[in-house]
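Participant: Here you go, one structure.
The values are calculated or read from the model by the stated rules, or taken from the named source; none is laboratory data. Just so it is clear, the structure is predicted and the values come from calculations on it, not from any experiment. Cβ coordinates were reconstructed from backbone atoms using ideal geometry, including for glycine residues, and neighbour counts include every protein chain displayed.
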Amino acid sequence: MTNNLPHIIEIAVLLLVAFLIGCLIGYFFRCVLFRPKVVKAAQTPSPKPAPVAAPAAAVAKAPKPAPVAAPTDGRPATLDKARDGKKDNLKRIKGIGPKIEGILNKLGIFHFDQIASWNRKSITWVDDYLSFKGRIDREEWISQAKKLAKGESTAFSNRVDRGTVPSSKRNTAAKNAGLKAKPKPAKKPAAKKPTVKKK
């Protein structure tokens, strides 16, 4: 048995190397070959209508601008920036964390009503873009977004507001205190124990 030990170790190392090479090749194919292509929709300028004098009450409460029309490839309607410079906290939708919220914001999705207006093509496009494989439907983003867009709340959004969701704890506590959220302190590496060779 002791004569075979070096061969067993050698085989295990070779299998590990083959596995890692396979992982790298698979990662390459997934990232390069199967990544959906992002195509920006061509925007056509519309003629400007002649200015019309509006009553003072109408000027004070102007409706929110509608999202840009969705391209025909299924990409959802997007905005260049958040309305009035204030974006909705998309993390109040179960399944959207800080990272996904950042990706959605980069795509031009800042508000609940944008997500609530997604059709089947838009859901498929975002699913493919984020490599979710049906997660949007499983976590019911659209129905949650519709409630939140109306000003209602969900059980999950209430938990986010209270700060009991891990991704919202630091930010909510800092927000309530009127402070900026501080990053988590870096963990100290564990000290290595000295090894004792047995003879």
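Participant: So, of the residues in segment 128-169 that are of a type in the set (Ser, Thr, Tyr) and not in a helix (DSSP H, G or I), which turns out to be surrounded by the most Cβ atoms within 10 Å (Cβ to Cβ)?
Facilitator: Looking at residues that are of a type in the set (Ser, Thr, Tyr) and not in a helix (DSSP H, G or I), I get THR154.
Participant: Considering only residues that are within 17 Å of LEU148 (Cβ to Cβ) and charged (D, E, K, R), look in segment 95-130 and name the one that is farthest from the chain's Cα centre (by Cα).
Facilitator: Looking at the filtered set, the residue picked out is ASP113.
Participant: What tally of residues in segment 73-94 results from selecting those that are in contact (Cβ under 8 Å) with a residue 24 or more places away in the chain and either touching a Gly at 6+ places or on another chain (Cβ under 9 Å) or at positive phi (or both)?
Facilitator: Qualifying residue count, segment 73-94: 8.
Participant: List every residue pair whose Cβ atoms sit under 6 Å apart, with the two residues 6 or more apart in sequence or on different chains, where the first one lies in segment 95-124 and is within 20 Å of VAL160 (Cα to Cα) and the second, anywhere, is of a type in the set (Lys, Arg) and in a helix (DSSP H, G or I).
Facilitator: Note: pairs meeting the criteria are GLU101/LYS91; ALA116/LYS146.
Participant: Return the total of residues in segment 86-102 being surrounded by 16 or more Cβ atoms within 10 Å (Cβ to Cβ) and either in a helix (DSSP H, G or I) or not assigned by TED's automatic domain parsing to the domain that holds PHE156 (or both).
Facilitator: So the answer is 5.
Participant: What are the residues in segment 132-186 that are modelled with pLDDT of 85 or more, β-branched (Val, Ile, Thr) and in contact with a Gly (Cβ under 8 Å, 6 or more places away or on another chain), if any?
Facilitator: Within segment 132-186, just ILE136 meets the criteria.
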